[in-house]
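Chemist: Here it is: the structure, laid out below.
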Amino acid sequence: MGDVITICVVSDTHNDVGNINKLKNIISDKETFRKITGNVDRIDVVVHLGDECEDAEMFRNDFNVVSVPGVFCQHYKDRTIPHRIIKEIGSVKFLLTHTKTSHVNDSPEDIKPEEVIQKKLVDVVLYGHTHVPAIEKINDVMLFNPGHLKSVDKRGYRPSFGIIEVISSNLLEAKIIELYSLNVLIAERFGIVR
């Protein structure tokens, strides 16, 4: 694979327009963004993982956007809108979901994240819901939660977002970044095993 593909991952924006605009400014400014990534100055796609899925629209004029609804979004009740998506980005397979496990609000036909991980049907699961930034590995699948973008959150975590760089078909670099300070909270290099 030639160029690095860069993905900005957000979840649980909860209509916090100020923080959404702050993030848009950060990822739109090539110099600032290069300082975060070390070498990349652009976003190829923004992934929004729900709550509030309507907030994804704020990114659409400037970026390619892929989104799924959160379990408490009105859209989650609409069975014509996919609740979970398996998407290939740069020859890496991603599951986009609001929750990393099945949820009581799921439809019977929804993709079951536990099965996807157990059968290793994807390389990466992108999820939100908990508002807790995390990167972990289960069954050679990377699970990635960017945290949330709320100004105030009762769980004690400051607003954060994720950056995933698809370096090749078998190598990713993943970072979770605190929105206000731009400090890297978690960074992992992830080799894909197929």
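The values are calculated or read from the model by the stated rules, or taken from the named source; none is laboratory data. Nothing here was measured: the structure is a model prediction, and the numbers come from that model. Here the Cβ is made from the backbone with ideal geometry for all residues, glycine too, and neighbour counts use every protein chain on show. Accessible surface areas use protein heavy atoms only, side chains included; no ligands, DNA or RNA. Shrake-Rupley method; radii C 1.70, N 1.55, O 1.52, S 1.80 Å.
Chemist: Rounded to a whole number, what % of the accessible area of the chain do carbon and sulfur atoms account for, probe 1.4 Å? Each step should come with its number before you reach the end.
Modeler: Details: 4200 of 8770 Å².
Roughly 48 percent, rounded to a whole number.
Chemist: To the nearest 10 square angstrom, how much accessible area does Y157 have with a 1.4 angstrom probe?
Modeler: Here the accessible area works out near 100 Å².
Chemist: Just for the Cα atoms in the chain, what are the lengths along the principal axes, largest first, rounded to whole Å?
Modeler: Principal axes ranked by extent give 46, 38, 31 Å for the Cα atoms.
Chemist: Please go through the stretch 70-124 and write out the GluC sites (Glu not before Pro) that DSSP classes as loop and that have at most 11 other C-beta atoms within 10 Å. Walk me through the intermediate numbers first.
Modeler: Values: sites: E88, E109, E114, E115; in loops: E109.
For GluC sites (Glu not before Pro) across the stretch 70-124 that sit outside H, G, I, E and B with at most 11 neighbouring Cβ atoms in 10 Å, the list reads E109.
Chemist: A follow-up question, please. So which aspartates and glutamates can K30 reach, going by Cα to Cα under 20 Å and dropping same-chain residues fewer than 8 places off?
Modeler: Candidates past the 8-residue exclusion: D3, D41, D44, D62, E165, E173, E178.
Chemist: Beyond a 27 Å Cα-Cα separation, which of these cross-linked pairs lie in this structure: K24/K77; K24/K137; K77/K137; K100/K175; K77/K150? Please list the in-between numbers first.
Modeler: Details: K24/K77 29 Å; K24/K137 29 Å; K77/K137 30 Å; K100/K175 18 Å; K77/K150 24 Å.
Violating the 27 Å limit, Cα to Cα: K24/K77; K24/K137; K77/K137.
Chemist: State in Å² the accessible area per residue of the chain; use a 1.4 Å probe, count heavy atoms of protein chains only, and round to the nearest integer. Don't skip to the answer; put the middle values down first.
Modeler: Details: 8770 Å² over 194 residues.
Roughly 45 Å² per residue, with all protein chains present.
Chemist: Given q = 0.18, 0.25, 0.27 Å⁻¹, what are the Debye log10 I(q)/I(0) values for the stretch 1-68, with equal point scatterers placed on the Cα positions and solvent ignored?
Modeler: -0.65, -1.12, -1.24
Chemist: Let me ask you something else. Looking only at the chain, where both bridge partners belong to it, what percent of the DSSP beta bridges are antiparallel (to the nearest 5)?
Modeler: 70
Chemist: Give, to the nearest whole percent, the P(r) tail of the stretch 46-132 beyond 20 angstrom, counting all Cα pairs. Each step should come with its number before you reach the end.
Modeler: Numbers: 1148 of 3741 pairs.
Result: 31 percent of Cα pairs exceed 20 Å.
Chemist: Please pull out the direction-averaged projected area of the stretch 96-194, using the convex hull of its alpha-carbon atoms, in nm² to one decimal place. Don't jump to the answer; show the numbers that get you there.
Modeler: Values: hull surface 27.8 nm².
If you wrap the Cα atoms of the stretch 96-194 in a convex hull and average its projections, you get 6.9 nm².
Chemist: Compute, for R79, the solvent-accessible surface of its heavy atoms (probe 1.4 Å) with the complete set of protein chains present, and express it in square angstrom to the nearest 10.
Modeler: Estimated to the nearest 10 Å², R79 gives 150 Å².
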